[in-house]
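The values are calculated or read from the model by the stated rules, or taken from the named source; none is laboratory data. Keep in mind that what you see is a predicted model, and the values were worked out from it rather than measured. Positions of Cβ are backbone-derived with ideal geometry, glycine not excepted, and every protein chain shown enters the neighbour counts. What goes into the accessible areas is simple: the full protein's heavy atoms, side chains included, and nothing from ligands, DNA or RNA. Shrake-Rupley method; radii C 1.70, N 1.55, O 1.52, S 1.80 Å.
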Amino acid sequence: MNVTISDAVKYIGVDDKTIDLFESQYVVPDGVTYNSYLILDEKVALMDTVDARGMDEWEQNLKAALGDRKVDYLVISHLEPDHAGSIARFMELYPEAALVGNAKTFQMLPQFFEVDADRELITVAEGETLSLGAHTLHFYMAPMVHWPEVMVTYESSEKILFSADGFGKFGAMDAEDDEGWACEARRYYFNIVGKYGAPVQALLKKAATLDIQTICPLHGPILKENLGYYIDLYDTWSSYKPENTGVLVAYASIHGNTAKAAEKFAEMLREKGEEKVVVSDLSRADMAEVVEDAFRYDRMVLAAASYDGGVFPCMQDFLHHLQSKAYQNRKVGMIENGSWGPTAGRSMKAILETMKNVTILEPMVTIKSTMKDTDLPAMEQLAEAIVNERI
Ligand code: FEO
């Protein structure tokens, strides 16, 4: 894929369209990119390598962009194997190149690779610079903008921010984004970086001090225009504010009866004027997509069957995902189903109560096996409570 950045800054990343699950957990129907960049100046800097799955193609791209030159510096923004997976190969190819990282990078590096004792390691700290000639790299630490060793690099002559996982997105470079950049960027953000809102906020504050004209992330397209749009979305996402007004109705149904109640409840919300209601079947939907929607909208309704004295496992799994991604600041309603002693509500509540600023709206609706006319008043009451909390 030919991606142009500038005369001196070359894209040498690769698409991965054959991976079944990114990080062994996320479906990527349009693939994913592992981005890597080369800056050609008096000195040559390589900005990250790629996953070992793309190593051969990346090596070809690297050699083609270099011509007869050699790499002087490898800047390691992030040691996760989707970016660092070709560092060992890089070290074989360029025995004289220096590795550039921070103290944490070099603390963790030997966990992944053997590094020869004579390899030059340049340890950089917050705000330090490295001159390549006309280009100057400025390093900013971004701990926990996914991993503790993450740093971003600002190149001041071309005003480029190499943003590591920040502003990353699922999808190969040629993916058709019918729903725009935000759809797969949001799914990526909440599932991969979502837990780390505070560190992302800290990074955004640093970025606000820089004049940025281009963002080069480690996944997905290079961003060159309308950067305020992307930065504003990151601000919303990382501060755990809802992005859109709407209700996610997520259900866990064994034989379809809880599903019917959830669909009926969604209909009630729409009849009460709720414009955006998204219904998801947790047994079958992409869990990462439902997690994304939970963060996207301001309210959520959980409808679940009772199971083994608790809640049907896919609902428990969903709530654990939300819990681990620091779901917070939302209003939640619950519908439980049970044929003898309903336990789903109690189990869901126990998990929701561990979350910050999650308000459970009353009443919780209890259905016995199948929804009946006698259940409708309580459902109407809960629907009213949900609609009344619209922001
Ligand atoms: Fe794309 Fe955290 O690695």
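Among all positions in segment 40-57, there is at least one residue which is open to solvent by 10 Å² or more (accessible area, probe 1.4 Å), in contact with a helix residue (DSSP H, G or I) (Cβ under 7 Å, 6 or more places away or on another chain) and within 13 Å of the ligand (Cβ to nearest atom). Of all residues in segment 75-99, those being of a type in the set (Phe, Trp, Tyr) and within 12 Å of the ligand (Cβ to nearest atom) number 0.
When residues in segment 205-252 are screened for being touching a Leu at 6+ places or on another chain (Cβ under 8 Å), part of a loop (DSSP other than H, G, I, E, B) and within 16 Å of the ligand (Cβ to nearest atom), 1 of them pass. Criterion applied to Thr258, Thr245 was being crowded, with 23+ Cβ neighbours inside 10 Å and more than 28 Å from Asp15 (Cβ to Cβ), and the one residue passing it is Thr258. Across segment 369-384, the number of residues qualifying as without any contact (Cβ under 8 Å) to a residue 60 or more places away in the chain and outside any helix (DSSP H, G or I) comes to 1. Identification of strands (runs of 3 or more DSSP E) wholly contained in segment 286-368 with 3 or more residues that are under 29 Å from the mean Cα position of the chain (by Cα) yields 297-307, 330-337, 358-360.
Here is the figure for segment 124-153: residues that are away from the ligand (no atom under 13 Å from the Cβ), under 21 Å from Val193 (Cα atoms), touching a residue at least 40 places away in the same chain (Cβ under 8 Å) and open to solvent by 10 Å² or more (accessible area, probe 1.4 Å) total 1.
Residues in segment 228-239 that are in contact with a Lys or Arg (Cβ under 8 Å, 6 or more places away or on another chain) and either open to solvent by less than 10 Å² (accessible area, probe 1.4 Å) or touching a residue at least 60 places away in the same chain (Cβ under 8 Å) (or both): Trp237 only. Filtered by the rule that a residue be farther than 19 Å from Ala97 by Cβ and not small (Gly, Ala, Ser), segment 36-79 gives Asp51, Arg53, Asp56, Glu57.
Would you call Lys159 open to solvent by 10 Å² or more (accessible area, probe 1.4 Å), at pLDDT 95 or above, away from the ligand (no atom under 16 Å from the Cβ) and basic (Lys, Arg)? Yes: the conditions hold for Lys159.
Applying the condition of being of a type in the set (Phe, Trp, Tyr) and open to solvent by less than 30 Å² (accessible area, probe 1.4 Å) to segment 168-200 and asking which residue is nearest to the ligand (Cβ to nearest atom) yields Tyr188.
Return yes when Gly13 is crowded, with 17+ Cβ neighbours inside 10 Å, small (Gly, Ala, Ser), farther than 27 Å from Tyr140 by Cα and within 14 Å of the ligand (Cβ to nearest atom) and no when it is not.
On the way: crowded, with 17+ Cβ neighbours inside 10 Å: yes; small (Gly, Ala, Ser): yes; farther than 27 Å from Tyr140 by Cα: no; within 14 Å of the ligand (Cβ to nearest atom): yes.
When the stated conditions are applied, Gly13 does not pass them.
Considering only segment 34-50, I want to know if a residue exists there that is at pLDDT 95 or above and within 18 Å of Glu184 (Cα to Cα).
First pass over segment 34-50, keeping only residues at pLDDT 95 or above: 34-50.
Pick out the ones that are also within 18 Å of Glu184 (Cα to Cα) and you get 34-35.
Checked segment 34-50: at least one residue is at pLDDT 95 or above and within 18 Å of Glu184 (Cα to Cα).
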